[in-house]
Amino acid sequence: MLNLFLTFLFLIYNEKLWTNYLACDTFLNITGDERMIYVGIKNGVLLFDAKKIEYLKSLTKLDGILENLKLIAYDRELNSLWLLDDSSNLMNYSPFTKKKEIFKLNINPQAIGVGKQFLYFLVNEDTFKWDKKKRKLLKIEKTDDTSLFWYGKKKKYLVKDFIFLTPYYYLDENLNKYYYREVFVSKRNLWVSADDYGILVFDLTVKNLVKVFPFNSILGRIKKIVKFQKNVWLIGDDYLIKTADKIWQWQFIPISFSTKIYEKENLLKYKFLELFYKKPVTLLTNSQDLLAYISEDNIYLFLPDYSKPIEIRIPTFVENISFLNDTLVILTQEGFYLFDYKNNNFLNFLNYPQELKLGVFSFISLKNVWYLGVRGGFWIYNDNKWEKIILPINDLSEPVKELVSFNKYLITKIKNQIIFFDTKRQLFFFLKKEDGLLGDNIYSLAVDNNKLWITHEKGISFFDLTSLTKRIKK
């Protein structure tokens, strides 16, 4: 019998619960002072602590800023940001109080100059002056403001002003070139943007590279999250990322089938990396030191005591694979299979609902209770009894392709929302855009260290699950 459960929205946006690493292929400009650095990208602003050289957070439309940004400029007098978008909307925004004002300009500036009393705009060869208090725009012949700091087409700092950056691109270990676009000086450090690579920080005294913050387009192409050997790995179509506590410590590894880059000494301990240059891997799952993956429609199982993987053939398309004790659970479009890898044989499991033969897409076991994701919901198997849970969504043809857990909560995703299911009280809770969820397409979920990892086309987000459960209990 199908069950219906109470559903409701439980949160409003709270920036303290979120950490976002935004994907970016082109940087607009860098601004700030000796305390803070602000990096503009198309749909947000990255904030850094200039003294500690640490990433702090990002600002997006959820924080009230404009979208489709064109330029950003820091105002020392007001301790705020000037944001200009593609439609010539100008916003004055305080990153700390979120106080803002929006103005519509009847010009299309290519550069912004920030002075004590005035803003200046460069439009082709013409210059305009805008009084910050009176909000009046005047065309002028020249500027005599000695406090002026330009951003955009006309700028104070140029990449070629710093000879030690020659040949003006960053060359990674795979000999890929990433050209420098913008530079900004903050005391003894030089902040540099390299398109589709990230933000680099150089020490101007000794002229050496201090840190790299890899904000690039790869972050928006992560389709799977895998926990393996105490590390969280992010898997995309063309890159693997070994994560760490700080983003500047993350290790980006290109997936190449023609080179043996993974045999480098520092990566040999991660045996599964060898898979990626031998055959294309479409799916990967693991449990402790056990590893299973799908390549070219076949399933391969790595066991600690075996030098070669066990090959498992299934006569239908495999949707997902998961571990359960000494068994590999194989989910397909025609049901699920249980493979006993210790005895190398399939187990007979006949007592299950016929609907499961229409496709099983995800699986998780919590305290000996099975949850199997199907279209529009999931089946629960407990004490030899089956029960179906229907998700409170409009389109029940949507498959449940991800199931993860945190304490008593089962977590899944459907399109651009995340759904929490309280397995004890049998209640649903939603996490949507208005709650702080970025991205229109959620690719993958994982839980690690009380954080929910979320990958989507706009980057990677982390949600504080400890705060979440406290709020739900209230």
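Details
- Evaluating SER444 against the criteria (1) within 22 Å of LEU331 (Cβ to Cβ); (2) of a type outside the set (Phe, Trp, Tyr); (3) in contact with a Leu (Cβ under 8 Å, 6 or more places away or on another chain) leaves one unmet condition, (3).
- When TYR381, TYR443 are checked against the criterion of being hydroxyl-bearing (Ser, Thr, Tyr), in a strand (DSSP E or B) and closer than 30 Å to THR26 by Cβ, TYR443 stands alone in meeting it.
- Listed here are the strands (runs of 3 or more DSSP E) enclosed by segment 52-106 that have at least 3 residues being touching a residue at least 12 places away in the same chain (Cβ under 8 Å), among the hydrophobic types (A, V, I, L, M, F, W, C) and surrounded by 19 or more Cβ atoms within 10 Å (Cβ to Cβ): 69-75, 80-85.
- For segment 310-344, a residue qualifies if it is exposed (fewer than 14 other Cβ atoms within 10 Å of the Cβ), on the phi > 0 side of the Ramachandran plot and under 33 Å from the mean Cα position of the chain (by Cα), and exactly one does: ASN325.
- Selection of segment 389-416 for residues being of a type in the set (S, T, N, Q), in a strand (DSSP E or B) and more than 18 Å from GLU355 (Cβ to Cβ) yields only SER405.
- Filtered by the rule that a residue be of a type outside the set (A, V, I, L, M, F, W, C) and modelled with pLDDT of 90 or more, segment 136-152 gives LYS139, TYR151, GLY152.
- Among the candidates VAL123, VAL159, VAL201, residue that is touching a residue at least 60 places away in the same chain (Cβ under 8 Å) and within 29 Å of ASP75 (Cβ to Cβ): VAL201
- Boolean, GLY436 is at pLDDT 85 or above, in contact with a Gly (Cβ under 8 Å, 6 or more places away or on another chain) and at positive phi: no
- Residues of segment 187-206 that turn out to be under 20 Å from LYS51 (Cβ atoms) and either at pLDDT below 95 or surrounded by fewer than 17 Cβ atoms within 10 Å (Cβ to Cβ) (or both), as a count: 6
- One residue alone among ASN325, ASN344, ASN320 is free of Cβ contacts under 8 Å to residues at least 12 places away in the same chain, in the same structural domain as ASP422 (by TED's automatic domain parsing) and touching a strand residue (DSSP E or B) at 6+ places or on another chain (Cβ under 9 Å), and that residue is ASN325.
- Residue under evaluation ASN20, criteria (1) within 27 Å of ASP440 (Cα to Cα); (2) in a loop (DSSP other than H, G, I, E, B), criterion not met: (2)
- Taking first residues from segment 390-401 that are surrounded by 14 or more Cβ atoms within 10 Å (Cβ to Cβ) and partners that are among the charged types (D, E, K, R), the Cβ contacts under 6 Å between residues at least 6 apart in sequence or on separate chains come to PRO399/ARG375.
- Some residue of segment 359-374 being of a type in the set (Lys, Arg) and closer than 30 Å to ASN43 by Cα: no
- With respect to the conditions (1) assigned to a helix (DSSP H, G or I); (2) in contact with a helix residue (DSSP H, G or I) (Cβ under 7 Å, 6 or more places away or on another chain), LEU372 falls short on a single one, namely (1).
The values are calculated or read from the model by the stated rules, or taken from the named source; none is laboratory data. Keep in mind that this is a model prediction, so the values were computed, not measured. No Cβ is skipped: glycine too gets one built from the backbone with ideal geometry, and neighbour counts run over all protein chains shown.
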